[in-house]
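The values are calculated or read from the model by the stated rules, or taken from the named source; none is laboratory data. As the structure is a computational prediction, the values presented were derived from the model and not from experiment. Positions of Cβ are generated from backbone atoms using ideal geometry, with glycine treated the same way; all protein chains shown enter the neighbour counts.
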Amino acid sequence: VTKIIEIDSEHIDKNKLNIAAEAIKEGKIVAFPTETVYGLGANALNSAAVERIFEAKGRPSDNPLIVHIADKEEVYELTESISEKAVALMDKLWPGPLTLVFRKSSIIPSIITAGLNTVAIRMPEHPVARELIRLSGIPVAAPSANVSGKPSTTTAQHVLQDLDGKIEMIVDAGSSRVGLESTVLDMTVEPPMLLRPGGVTPEQIEEIIGHIEIDKTILERLNIDNVPKCPGMKYKHYSPKAHVTLIRSRNMDNQVKKILDLAKNKRQEGKKVGVCATDQTINRYGGYEVLSMGNRDKPETIAANLFSILREFDDMGIEVILAETVDEDGVGLAIMNRMIKAAGYDIIQAD
Ligand code: TXA
Ligand code: MG
């Protein structure tokens, strides 16, 4: 049985949190809150413990894990060399939702990096995450705390839905603020390369270190207007049980009209349809199950809700989700990256 430990972020009970820290030290795996999503943590210096993370998640062993630290100084013993640009980013954006990829030092077990000679490191901002890492006194390897392929978890309840009985403990400190995973930036190449858009935007990074490259697989997919159906399970990620289709247009009214058309067809086929809308459009889908991702003018609200809404549609027994899209600037790039993957690239252009 998975044990739940509730911690108040504003008044951290260190004695209580220490139970989780001891578990990590002993090689057990513990889910814990971060400002992005919940993580599934283990002692990063213990290969056997790290192996259990892969098992619990059903994660393919060729997908490397992020190492989480409590203090900036810890980065030096885990890596070979740190560029000036990396130092500048660490100064300005750590702690926070930014993961940096460096050449790894020999103390990092190869199971964490899936055999790569680089390691991804992040210093989370969430006070409970930092205190937990500090109390355990070791770097903590942690992927998102979900079953592989499903949407990441932003509450302890979601972690329990996915991993009950498979992990020792969950530290519950309420909902994650950002709602999407950290930005992953490869610092081993010049210019640095964005591998995964996330809580920190490319604009914020470029303001500090100038131009960065953006991994083509993020952009190519986003720039294609009429993408055919999902090329294969290989690309599926962040997926609820329902089939997700994105309806894309810069024009909100066209999106709504197209979704209403498709919803009608799907319902006639006997499917249970859910509409993934925004605060601006939620009232326009009368007669259908509809949830709002958040406010289009405040994309951070959409980031915060996206994964939990996908899970809510599953709880409602929805079979087909028709989802609006948002602009791709700022945190919108990360939102659209996750939505496109959740949809397995099933995107329909509304105009
Ligand atoms: O916000 C987050 O980053 C959350 C919280 C728990 O910190 N963690 C997270 O971990 O999202 P995960 O394992 O779900 O995603 C880690 C991503 C994967 O896409 C992985 O391929 C990439 O980081 N990654 C890890 N190590 C890498 C490396 N050495 N080089 C390139 N990419 C790496
Ligand atoms: Mg993940």
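One residue alone among 72, 104, 28 is in contact with an Asp or Glu (Cβ under 6 Å, 6 or more places away or on another chain), away from ligand 2 (no atom under 16 Å from the Cβ) and of a type outside the set (Phe, Trp, Tyr), and that residue is 28. Just one of the listed residues (174, 137, 179) is surrounded by fewer than 19 Cβ atoms within 10 Å (Cβ to Cβ) and under 20 Å from residue 199 (Cβ atoms), namely 174. Determine whether the range 291-310 contains at least one residue that is β-branched (Val, Ile, Thr), over 30 Å from residue 205 (Cβ atoms) and in a helix (DSSP H, G or I). No - not one qualifying residue is present in the range 291-310. Based on this model, can you work out whether residue 120 counts as touching a residue at least 12 places away in the same chain (Cβ under 8 Å), surrounded by 21 or more Cβ atoms within 10 Å (Cβ to Cβ) and closer than 20 Å to residue 51 by Cα? Here the answer is yes, as residue 120 does meet what is asked.
Within the range 141-151, none of the residues are part of a loop (DSSP other than H, G, I, E, B), within 11 Å of ligand 1 (Cβ to nearest atom), over 21 Å from residue 198 (Cα atoms) and of a type in the set (A, V, I, L, M, F, W, C). Looking only at residues that are among the aliphatic types (A, V, I, L, M) and surrounded by fewer than 17 Cβ atoms within 10 Å (Cβ to Cβ) in the range 13-52, which one is farthest from residue 139 (Cα to Cα)? Filtering the range 13-52 for residues that are among the aliphatic types (A, V, I, L, M) and surrounded by fewer than 17 Cβ atoms within 10 Å (Cβ to Cβ), the one farthest from residue 139 (Cα to Cα) comes out as 19. Taken as a whole, the structure places residue 130 among residues that are more than 16 Å from ligand 2 (Cβ to nearest atom) and basic (Lys, Arg). Could you tell me whether the range 124-131 includes any residue that is part of a strand (DSSP E or B) and in contact with a strand residue (DSSP E or B) (Cβ under 8 Å, 6 or more places away or on another chain)? Checking the range 124-131: not a single residue is part of a strand (DSSP E or B) and in contact with a strand residue (DSSP E or B) (Cβ under 8 Å, 6 or more places away or on another chain). Restricting the range 58-77 to residues that are crowded, with 18+ Cβ neighbours inside 10 Å and over 30 Å from residue 10 (Cα atoms), the residue that is nearest to ligand 1 (Cβ to nearest atom) is 64. Residues satisfying the criterion are absent from the range 58-72 (criterion: modelled with pLDDT of 95 or more and in contact with a His (Cβ under 9 Å, 6 or more places away or on another chain)). Please find, within the range 138-175, the residue that is nearest to residue 46 (Cα to Cα) out of those that are within 11 Å of ligand 2 (Cβ to nearest atom) and not hydroxyl-bearing (Ser, Thr, Tyr). Step by step, filter the range 138-175, then rank; the result is 142. Annotation: of all residues in the range 252-271 being without any contact (Cβ under 8 Å) to a residue 24 or more places away in the chain, in a helix (DSSP H, G or I) and more than 30 Å from the chain's Cα centre (by Cα), the one that is nearest to residue 297 (Cα to Cα) is 261.
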